[in-house]
Every structure is written in structure tokens, then in C-alpha cells.
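This report concerns only the one structure given below.
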Amino acid sequence: MAVRESPPLLRRLIGQRLKDRRVARGEAAATVAAATDINASVLSRIENGRRPPPIPYVEKLCDYYAIDDSEKALLLEMAKASRESGWWEKYPKLPQAAVDYISWESAAATIENFEVSMIPGLLQTREYANELVTRHLPEYTDQEVRATVDTRMKRKQVLDRPSLTKFHAIIDAVVFERPIGSEKIMREQLQSLIEATRNYKVILQVVPKNVGAYKGMRGGFSILGFTDDDERTEILYSEGAFVMNYQDAQPDLDEAHQVFQALKDVAVGPHESIALIREKITDYT
């Protein structure tokens with residue numbers, strides 16, 4: 001594999017490869033930590049790929065697992081490249097969980113996103129996002145609100161990245177009836193949704209109100225997919241009122257895919273969804 005992926009994906013690949021070696025040897029993380037004199041919490045962070053791995057530790061683990069010279073050289077090269085900073089790290093006010101999500105999002109090959117309470121972040125207009133942040137985080141100063149909105153707007157660049165192949169968003173129609181800001185803000189936001197679908201990577205579906213109760217309506221989530229040659233890995237992200245959660249266990253991912261498929265089944269198709277959004281625009285004129 002050429003070292004061409006983004007830093008977040010490189011961190012995940014390094015962690016997964018090292019973890020696979022440990023598991024193949026049948027050793028517990030605590031055993032490896034003790035044998036290599038690496039703090040157990042540091043080893044955990046290396047394996048979960050959410051922080052740049054210290055290069056000396058990657059080298060030490062390669063030696064411990066008896067990884068051959070060519071793969072060791074590749075892992076060390078990946079470790080060096082993984083330490084490059086992302087643009088989001090220039091915004092110190094961002095919570096660490098948000099930094100983690102943006103870093104994964106920036107490296108994803110596919111994104112499947114369901115939202116039940118707001119327009120998906122990657123499809124929000126600046127005015128809509130500004131209103132959301134102002135109301136949701138009233139303790140923020142004007143400067144902090146502006147920086148947070150700037151970050152959200154910059155995230156949208158991911159939709160133009162060649163490596164992203166699909167962004168599939170499903171939105172509960174009740175979102176369109178919740179006025180975020182003025183009628184002008186809502187009208188322009190809904191128009192922007194329609195314009196976003198001109199990007200062939202963007203698939204947009206709406207769950208209409210007449211569906212009633214449905215599987216998945218408890219809260220929004222995203223499934224981020226990553227590819228490394230023929231290998232595919234995924235991360236499940238969900239957000240509640242007080243906590244942001246990440247899962248990469250296969251049972252959790254399997255359940256998330258089942259829920260997303262159920263959402264696709266109850267939502268109307270892309271063309272009908274656009275027609276529904278056009279109809280809702282008239283409510284804000």
C-alpha cells in the first residue's frame with residue numbers, strides 16, 4: 001500500500017494492523033504493554049487509531065511482533081505521515097469528540113447519515129448552522145460561534161474529495177417543519193438541499209410524516225466507511241444530548257446497517273424526496 005491516505009485513516013490502519021498481530025499471537029493488551037514497557041493506555045490509543053502513534057512505540061511493537069523489515073518500514077512511514085495536522089486542529093474550541101469525528105469524516109470513502117432533529121451537518125447552509133450553534137450553545141461568544149460555523153462549512157469540502165464515493169443522507173420530514181431562524185433561512189436551506197443532490201455522490205431520502213413510528217427514530221447516527229486496497233473498515237458514530245459515541249465492534253455495525261436499511265425502506269426515493277422538499281419550501285414563502 002502506498003502511503004497516500006489521510007492522517008486519520010493512516011492512524012486507524014496502523015492501529016488495526018498492530019492489534020491484528022497481537023490478537024494472532026493470542027496475547028492480551030496488558031501482556032504486550034508489560035513486555036514492551038508501553039503504558040497500557042498508550043497502547044490502547046495506538047490500537048484504536050484515534051491519536052498519532054509515537055514512532056518509537058510503533059518500532060518497538062514491530063520488533064516485539066517480529067514483523068519483517070519491509071512491513072516494518074511501511075508502518076514507520078505510515079506513522080510519520082499520520083502525524084500531519086488536519087485543518088480542524090486550528091480550532092481549539094472544538095470538543096475532542098468533534099475533532100475525532102471530523103478527522104474520521106475527512107478520510108471516509110462512504111458516509112451514511114440519518115438525522116431526526118436537524119439538517120445533516122454536511123448539507124447545512126451557513127445561516128442555518130449559525131442559528132443552530134447560537135441557540136444550542138448560548139454560552140459561546142460571537143467569535144466562538146463564528147469559528148464553530150466556519151468549521152462546519154469547511155467540513156463540506158469532503159463532498160468534493162475524489163476519494164469520497166457516496167454520501168447517503170436520510171432526514172425525518174419533521175426537520176423541515178422546525179423553523180431554525182427566519183423564513184428566509186429555512187427557504188434557502190431547503191433550496192440548498194435540492195442543489196446538493198446535483199452532486200452525483202449525494203443521495204438524499206426523506207422519511208415522510210405519514211410513516212408514523214419507525215425503526216431508528218430514536219436518534220441520528222453516521223456510518224463511516226474506509227477502504228485500504230481490498231480491505232474495508234467502518235466506524236459507527238452516534239450523538240446524544242450529553243455524549244458522542246464511537247463504535248467499531250462488528251455487532252454494533254451490523255445493527256446500524258440493519259437500521260439504515262430499514263430507514264431506506266420507509267423513506268421515499270430520491271426523486272420523491274426532492275418533490276417533498278420543494279413542497280415544504282412553499283411553507284416559508
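See the values below:
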| item | result |
| --- | --- |
| The chain: angle of helix 250-266 to the longest principal axis, Cα-based, in degrees nearest 10 | 20 |
| Highest-MSF residue in the chain out of Tyr246, Tyr64, Tyr237 [GNM, Cα springs under 10 Å] | Tyr64 |
| ³J(HN,Hα), Karplus 6.51/-1.76/1.60, whole Hz, each residue of segment 181-191, x for Gly, Pro | x, 6, 4, 4, 4, 5, 4, 5, 5, 5, 5 |
| Degrees separating the helix 126-136 axis from the principal Cα axis of the chain, which is the longest one | 80 |
| Potential extension, Ile194-Glu77 segment - 0.36 nm per residue separation minus Cα distance | 37.9 nm |
| Using alpha carbons only: equivalent-ellipsoid semi-axes of the chain, gyration tensor based, whole Å | 39, 20, 17 |
| Potential extension, Val266-Ser163 segment - 0.36 nm per residue separation minus Cα distance | 34.1 nm |
| Label-point separation in nm, Arg187 to Val174, each point 7 Å along Cα→Cβ | 2.7 |
| Normalised contact order of the chain, rounded percent, pairs of Cα under 8 Å and 6 or more residues apart | 18 |
| Among beta bridges that DSSP assigns inside segment 132-285, antiparallel share in %, nearest 5 | 70 |
| Relative packing of 116-129, 269-282, which averages over residues the other C-beta atoms within 10 Å, highest first | 116-129, 269-282 |
| Gain upon complete extension [Arg278, Arg218; 0.36 nm per residue less C-alpha separation] | 19.0 nm |
| Entries of Lys184/Lys209; Lys154/Lys184; Lys72/Lys166; Lys201/Lys264 with Cα pairs more than 28 Å apart | Lys72/Lys166 |
| HN-Hα J in Hz across segment 151-161 - Karplus 6.51, -1.76, 1.60, θ = phi - 60°, x for Gly and Pro | 4, 5, 5, 5, 4, 5, 4, 4, 5, 9, 6 |
| Around Glu59: net Lys/Arg minus Asp/Glu count, Cβ-Cβ under 15 Å | 0 |
| Dipole moment magnitude, nearest 20 debye, segment 138-241 about Cα centre, only Lys, Arg, Asp, Glu C-beta charged | 380 |
| Debye, to nearest 20: dipole size of the chain, +1 on Lys, Arg Cβ, -1 on Asp, Glu Cβ | 440 |
| Sparsely packed trypsin sites (Lys or Arg not before Pro) within segment 1-61, loop by DSSP, other Cβ within 10 Å at most 13 | Arg4, Arg25 |
| Sparse-neighbourhood loop sites, GluC sites (Glu not before Pro) in segment 18-74 - DSSP loop, at most 16 other Cβ within 10 angstrom | Glu27 |
| DSSP beta bridge pairing in the chain, given as percent antiparallel to the nearest 5 | 60 |
| Given charges at Cβ of Lys, Arg, Asp, Glu: the chain dipole, positive-most of Ala34, Ala66, Tyr200 | Tyr200 |
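Readers should treat all values here as calculations from the given coordinates under stated rules, not as data from a laboratory. Predicted model, so just to flag it, every value in this text is computed and none were measured. Because the Cβ atoms are built from the backbone with ideal geometry, glycine has one as well, and the counts that use them run over all protein chains shown.
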